[in-house]
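Undergrad: Handing you this structure, nothing more for now.
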Amino acid sequence: MKILMKRTLPYFCGAIFGIALSACAGDALISGVDPFAPMVFKEGTTTMPLNPPNQVTLVPFYVSQHTIFKFAVDTDSILIGTDGVTRYIVVMKSPGGNVQTQYEGIRCDSFQWRLYGTLENGVWRENPLSTWRAIQSNIPNRYQASLAQGAFCNFNNQEKSIQTILSSLNPNGFIGGQKPTNSFNIPGN
């Protein structure tokens with residue numbers, strides 16, 4: 001019996017130690033993992049759209065009184081990514097009638113945007129120099145800021161409901177690029 005105890009005692013002690021160690025692994029003070037530390041961003045895979053924007057689902061949105069361009073987002077293209085990126089197709093039209101179509105993404109947590117690619121002659125072309133850039137709020141063509149502030153973001157959190165985004169993009173209630181008002185809160189021209 002003593003021999004059996006001598007042989008099994010190290011295994012028994014090892015098992016008890018292992019159970020105690022695994023029980024402590026969830027405790028931040030013991031494991032060294034801070035549950036409140038900021039998460040490191042890891043972007044998911046982005047696939048370019050297969051089709052050009054759907055003309056039926058293009059929704060125009062107001063950007064600023066200083067821009068001469070018209071902007072619209074294809075609501076069929078909006079993808080709310082689990083990686084925290086909202087991807088979409090945006091169409092920009094110049095006063096001369098030139099049209100630029102881009103596939104982009106917005107991160108609400110860092111207030112950044114990324115150009116994934118452009119539509120050229122009916123074919124999507126990836127942007128090989130694509131990087132995350134700060135969204136500019138103080139330029140005339142601030143359409144990324146308008147989309148982020150008016151529909152895609154809830155402060156610095158990604159809006160997770162497509163219905164909320166679609167409702168926010170309603171031209172009658174869109175707040176992303178506040179229309180100018182006079183001192184009596186009456187919209188200007």
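Undergrad: Checking the structure you have, find out if any residue of the range 100-107 is at pLDDT 95 or above, assigned by TED's automatic domain parsing to the domain that holds Arg142, surrounded by fewer than 19 Cβ atoms within 10 Å (Cβ to Cβ) and under 18 Å from the mean Cα position of the chain (by Cα). Before you say what the answer is, go through the steps one by one.
TA: Going through the range 100-107, the residues at pLDDT 95 or above turn out to be 100-107.
Still in the list and also assigned by TED's automatic domain parsing to the domain that holds Arg142: 100-107.
From the residues that got through so far, the ones that are surrounded by fewer than 19 Cβ atoms within 10 Å (Cβ to Cβ) too are 100, 102.
With under 18 Å from the mean Cα position of the chain (by Cα) added as a condition, the list becomes 102.
Yes, the range 100-107 contains a residue that is at pLDDT 95 or above, assigned by TED's automatic domain parsing to the domain that holds Arg142, surrounded by fewer than 19 Cβ atoms within 10 Å (Cβ to Cβ) and under 18 Å from the mean Cα position of the chain (by Cα).
Undergrad: Would you say Asn138 is part of a loop (DSSP other than H, G, I, E, B), modelled with pLDDT under 90 and assigned by TED's automatic domain parsing to the domain that holds Phe69?
TA: Numbers: part of a loop (DSSP other than H, G, I, E, B): yes; modelled with pLDDT under 90: yes; assigned by TED's automatic domain parsing to the domain that holds Phe69: yes.
So Asn138 fits the description; yes.
Undergrad: If I filter the range 62-82 down to residues being part of a loop (DSSP other than H, G, I, E, B) and more than 13 Å from Glu159 (Cα to Cα), which single residue comes out as modelled with the highest pLDDT?
TA: Out of the qualifying residues, it is Phe69.
Undergrad: Is at least one residue of the range 83-104 more than 22 Å from Ser168 (Cβ to Cβ), acidic (Asp, Glu) and part of a loop (DSSP other than H, G, I, E, B)?
TA: No: zero hits.
Undergrad: Okay, next question. Among the residues of the range 114-155, how many are surrounded by 19 or more Cβ atoms within 10 Å (Cβ to Cβ) and farther than 20 Å from Asn51 by Cβ?
TA: The number of residues fulfilling the criteria is 14.
The values are calculated or read from the model by the stated rules, or taken from the named source; none is laboratory data. Being a predicted model, the structure only gives us computed values, none of them experimental. Every residue, glycine among them, receives a Cβ derived from its backbone with ideal geometry; neighbour counts consider all protein chains shown.
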